[in-house]
Amino acid sequence: MNTPTLSKTKKTARGIFGTLIIPVAVGLILWIVCAANGVSMFSNAQSLTIFVRGVATVMLTTIALAINLNSGRFDFSLGSVATLSAVISAQITLNAGGNALTMLILSIVFGILLGAVSGGIYVLLRLPPIITSLGVALLYEGLAFTITKGSNVSFYGKTDVSGITTNVLYMLIIIAAVLLITIVLFDRSRFGYRYKALMAGQKVSVNTGIKEVSNAVVCYAFSGALMSIVGYLTATSVGIISVDILNFGSIGVMFSAFLPMFIGGFIGRYSNDKLGYLLAAITMTFFSMTYSALSVKSSTQSIINAVLLVVFLIYLSNEKTVKDIAALKHIRNLFKKKTDGETNND
Amino acid sequence: MKTLKKIVSVAVALALIATAVLALASCGEAKKVKIGVIVADATGSEALSFRNYYKEYIEQNYAVEFLYSDALTDAEAEKAAIENFITSGCKAIISLASADRPAQIEQCEKAGVYYAVASGVLNDDEYAKYKDYKYYVGAIGPSLDVEYQTGYEMAKAQIAQGKTKFAIYGAGVGYRIDMHVQRTAGMLAALCEDESTTYGGVSIPGAIIGSLYTDGEVSLSKFQSSKYELVGYHALWNFGDATWQANLASVVAAEPEVILCAGTGLSVFGQAVSGTNVKICDIDSFTSDYATAMQNGTVTYLAGKYASSIGPIFAAVLDAVNGHAVKTEAGEALALGQSYWVATSYAQFEKFQSADSVANPIFNKTLLDTVVGDSISYGTFKTFVETDRTPA
């Protein structure tokens with residue numbers, strides 16, 4: 001009776017360890033680095049707000065990227081959806097005198113529409129998503145520029161629309177709500193089961209009656225909704241929407257989510273990948289706060305982030321070897337082979 | 001069958017006439033001189049006010065058409081944009097982008113296209129090299145000395161008010177944008193006039209400028225003073241970047257009395273300082289956001305350019321394209337300075353804002369026509385540019 005219980009406990013402990021090791025270890029290391037330099041990640045009253053906002057934007061972007069990328073669909077239009085949905089909702093809200101909630105709801109509605117259009121273009125044209133999403137990115141960047149007549153959208157003096165991004169509780173609610181909806185939609189619903197079936201084998205799934213077209217469009221629409229929230233949070237927190245993103249100026253947003261996506265995927269093996277994206281976002285935001293505290297130049301930040309990404313990918317590709325080395329298995333095996341050889345010779 | 005033939009004949013004839021009419025009409029349009037404008041900023045308030053002046057006022061009053069580039073952030077992009085304009089038949093290029101001005105000048109000289117710098121000038125070495133180029137019209141705008149002086153006077157004005165706790169926003173210092181480097185150096189030099197204050201161990205303006213070009217930033221650890229505090233530094237425009245946002249917030253959280261900004265300070269800090277006692281001093285243009293900010297006391301000092309200040313360089317370009325380029329007495333390209341208008345109160349700001357609009361610019365057609373022609377002397381042009389037009 002004791003053996004299964006022990007095994008279950010061991011499994012749970014392993015799950016908790018695997019889930020928390022990266023954010024906890026990174027947080028600790030960076031805290032030590034900051035302390036050694038006489039600074040702190042959380043040095044002022046605004047730090048917590050910035051941290052939570054950073055976690056929210058990274059997590060949402062990562063989930064938005066992963067939804068389609070896990071199915072092999074590269075989506076370069078994420079940043080442009082965020083900008084265009086924010087531009088449209090801001091224009092309506094500022095002209096009609098709405099508040100923060102109005103703008104957030106409008107952003108989500110337009111985000112869903114823009115995402116669905118992006119997905120619609122992909123399923124209609126039947127071209128590789130890497131091509132259609134680049135086209136959509138150009139189109140949306142141009143539309144954002146045209147709607148504003150090339151002028152950045154300024155929220156200066158419009159405190160009504162920035163209430164959410166200055167309130168930690170509201171942003172925590174957004175994080176929790178998005179996480180819950182994503183888990184229910186992708187892990188606990190018929191849509192989610194079909195999504196996973198399509199991921200595992202599209203041809204077989206389609207033959208069993210699963211409609212891959214509608215599934216893909218819903219994925220794009222959901223991704224659009226998430227990016228619209230990112231657009232809203234970014235715009236209202238800094239007080240400006242820069243439309244100076246013509247000619248693929250918006251696609252960097254997608255690349256910023258790669259590292260947290262891989263980290264989230266790794267954590268997901270021990271628990272749930274969506275929870276993994278949240279913890280990965282926390283990890284990445286620890287880095288951002290440290291860069292700020294240590295006044296690290298943006299060029300240096302890019303190099304560090306790139307190195308981290310490459311190192312993590314190398315680890316994922318050679319995980320078994322790395323683990324074996326860490327457990328000294330190679331040396332033991334070599335030693336064992338040598339000993340066996342000597343025994344046989346005898 | 002005959003009727004059908006008649007209908008077809010009439011239709012073909014009508015089509016030919018229509019084509020001829022359209023061709024003639026387009027011939028008329030072809031007389032418009034195409035001028036390419038390359039810009040580093042396409043969406044900022046100053047950039048848009050310049051663009052509106054050219055597109056909505058100058059195009060309506062002169063037979064010219066302005067073609068605008070996207071925002072160009074590097075030399076390669078500038079080169080490609082100029083190539084595009086040359087292919088499109090532009091007779092001249094007006095540059096508001098400064099990643100690689102020597103390359104721009106060389107490219108236009110080779111192509112036989114006139115080239116001019118708006119709202120800025122070449123440095124001394126560059127001017128010495130290019131002043132005799134046939135197609136280099138010249139540069140009209142705040143000189144680098146004026147940029148330095150503008151930053152210096154901004155900081156001096158705050159010191160005169162008894163302010164001692166500062167932060168600096170260097171805008172494009174990270175990209176080594178000349179005007180932002182000069183303005184920031186001017187601010188630091190003003191603080192370094194105090195005996196106890198040094199930057200990097202020195203207080204000489206030249207050394208401060210050199211240090212900023214080398215580091216690409218203001219280093220807080222280099223600032224030493226027993227009188228002033230420099231509690232924060234921020235730069236660039238990475239609005240979507242969490243680290244950039246965190247640094248912006250930490251600058252405000254350090255509670256400087258005033259943030260000295262080398263440009264676009266309100267766009268960057270406006271939201272962050274609302275509800276605090278932190279004030280902004282800035283160098284930008286006279287837009288509605290600044291009106292609100294000056295009225296509510298967020299911005300207490302604004303050195304600004306006015307939209308039609310780029311009128312004189314247009315006049316110089318038009319003269320050159322028409323074959324009557326204005327040159328100095330020595331036959332060299334123009335290098336004329338302009339200065340900023342400085343508003344320290346809302347009343348002053350309002351006066352400046354209403355003095356120059358697209359509908360009624362300071363450099364209007366009547367004024368510009370005094371220097372557009374075939375016998376404009378250098379003296380006349382110089383006086384035209386350098387006359388103080390600050391509203392009384």
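The values are calculated or read from the model by the stated rules, or taken from the named source; none is laboratory data. Because the structure is a prediction, the values reported are computed rather than measured. Here the Cβ positions follow ideal geometry from the backbone for every residue, glycine too, while neighbour counts run over all protein chains shown. Just so you know, the surface numbers come from the protein's heavy atoms only, side chains and all, with ligands and any DNA or RNA stripped out. Shrake-Rupley method; radii C 1.70, N 1.55, O 1.52, S 1.80 Å.
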Any hit, segment B:280-288, residues being without any contact (Cβ under 8 Å) to a residue 60 or more places away in the chain, within 24 Å of residue B:234 (Cα to Cα) and of a type outside the set (S, T, N, Q): yes
From A:142, A:150, A:157, residue being in a loop (DSSP other than H, G, I, E, B), in contact (Cβ under 8 Å) with a residue 60 or more places away in the chain and not polar (S, T, N, Q): A:150
Residue within segment B:203-215 that is under 28 Å from residue B:277 (Cβ atoms) and in contact (Cβ under 8 Å) with a residue 24 or more places away in the chain present: no
Meets criteria (in contact (Cβ under 8 Å) with a residue 40 or more places away in the chain, charged (D, E, K, R) and away from chain A (no Cβ under 14 Å)) for residue B:195: no
From B:65, B:59, B:46, B:76, residue being in a helix (DSSP H, G or I) and at pLDDT 95 or above: B:59
Candidate set: segment B:207-230, residues that are modelled with pLDDT of 95 or more, open to solvent by 30 Å² or more (accessible area, probe 1.4 Å) and of a type in the set (A, V, I, L, M); chosen: the one nearest to the chain's Cα centre (by Cα): B:209
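Quick one: which residue in B:138, B:170 is surrounded by 22 or more Cβ atoms within 10 Å (Cβ to Cβ) and in the same structural domain as residue B:227 (by TED's automatic domain parsing)? Walk me through it before giving the result.
Working: B:138 fails: in the same structural domain as residue B:227 (by TED's automatic domain parsing).
Among B:138, B:170, only B:170 is surrounded by 22 or more Cβ atoms within 10 Å (Cβ to Cβ) and in the same structural domain as residue B:227 (by TED's automatic domain parsing).
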Test set (1) within 15 Å of the chain's Cα centre (by Cα); (2) within 14 Å of another protein chain (Cβ to nearest Cβ); (3) open to solvent by 10 Å² or more (accessible area, probe 1.4 Å); (4) among the polar types (S, T, N, Q) - residue A:62 fails condition number: (3)
Subset tally (residues that are in a loop (DSSP other than H, G, I, E, B) and either free of Cβ contacts under 8 Å to residues at least 24 places away in the same chain or surrounded by 18 or more Cβ atoms within 10 Å (Cβ to Cβ) (or both)) for segment B:79-112: 6
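When you scan segment A:181-287 for helices (runs of 4 or more DSSP H) that lie fully inside it, which ones turn up with 1 or more residues that are surrounded by 21 or more Cβ atoms within 10 Å (Cβ to Cβ)? Write out each step before concluding.
Working: elements: A:190-200, A:202-207, A:212-238, A:252-256, A:258-268.
Qualifying helices (runs of 4 or more DSSP H): A:190-200, A:212-238, A:252-256, A:258-268.
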Cross-chain or 6+ apart pairs with Cβ under 6 Å, segment A:279-291 first and more than 8 Å from chain B (Cβ to nearest Cβ), then not in a helix (DSSP H, G or I): A:290/A:41
Qualifying residue in segment A:79-100 (condition: open to solvent by 50 Å² or more (accessible area, probe 1.4 Å), β-branched (Val, Ile, Thr) and assigned to a helix (DSSP H, G or I)): yes
Any chance residue A:71 is part of a loop (DSSP other than H, G, I, E, B), within 12 Å of chain B (Cβ to nearest Cβ) and touching a helix residue (DSSP H, G or I) at 6+ places or on another chain (Cβ under 7 Å): no
Subset tally (residues that are touching a helix residue (DSSP H, G or I) at 6+ places or on another chain (Cβ under 7 Å) and hydrophobic (A, V, I, L, M, F, W, C)) for segment A:149-182: 11
Qualifying residue in segment B:59-69 (condition: under 16 Å from the mean Cα position of the chain (by Cα) and assigned by TED's automatic domain parsing to the domain that holds residue B:367): yes
Of residues in segment A:156-180 being open to solvent by 40 Å² or more (accessible area, probe 1.4 Å) and not aliphatic (A, V, I, L, M), the one nearest to the other protein chains (Cβ to nearest Cβ): A:157
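Could you please find all residues in segment A:36-54 being surrounded by 15 or more Cβ atoms within 10 Å (Cβ to Cβ), in a helix (DSSP H, G or I) and more than 9 Å from chain B (Cβ to nearest Cβ)? Break it down stepwise before answering.
Filtering segment A:36-54 down to residues surrounded by 15 or more Cβ atoms within 10 Å (Cβ to Cβ) leaves A:39, A:41, A:43-44, A:46-47, A:49-54.
If we keep only those that are in a helix (DSSP H, G or I) as well, we get A:47, A:49-54.
Selection gives A:52 alone.
Can we say residue B:131 is closer than 26 Å to residue B:319 by Cβ and open to solvent by 40 Å² or more (accessible area, probe 1.4 Å)? Working first, answer last.
On the way: closer than 26 Å to residue B:319 by Cβ: yes; open to solvent by 40 Å² or more (accessible area, probe 1.4 Å): yes.
Taking the combined requirement at face value, the residue satisfies it.
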Meets criteria (basic (Lys, Arg) and either loosely packed, with under 15 Cβ neighbours inside 10 Å or away from chain B (no Cβ under 11 Å) (or both)) for residue A:14: yes
Residue within segment A:303-317 that is within 14 Å of another protein chain (Cβ to nearest Cβ), of a type outside the set (Gly, Ala, Ser) and open to solvent by less than 50 Å² (accessible area, probe 1.4 Å) present: no
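Residue B:246: at the interface with chain A (Cβ under 8 Å from one of its Cβ atoms) and open to solvent by less than 10 Å² (accessible area, probe 1.4 Å), yes or no? Write out each step before concluding.
Numbers: at the interface with chain A (Cβ under 8 Å from one of its Cβ atoms): yes; open to solvent by less than 10 Å² (accessible area, probe 1.4 Å): yes.
For residue B:246, the condition - at the interface with chain A (Cβ under 8 Å from one of its Cβ atoms) and open to solvent by less than 10 Å² (accessible area, probe 1.4 Å) - is met.
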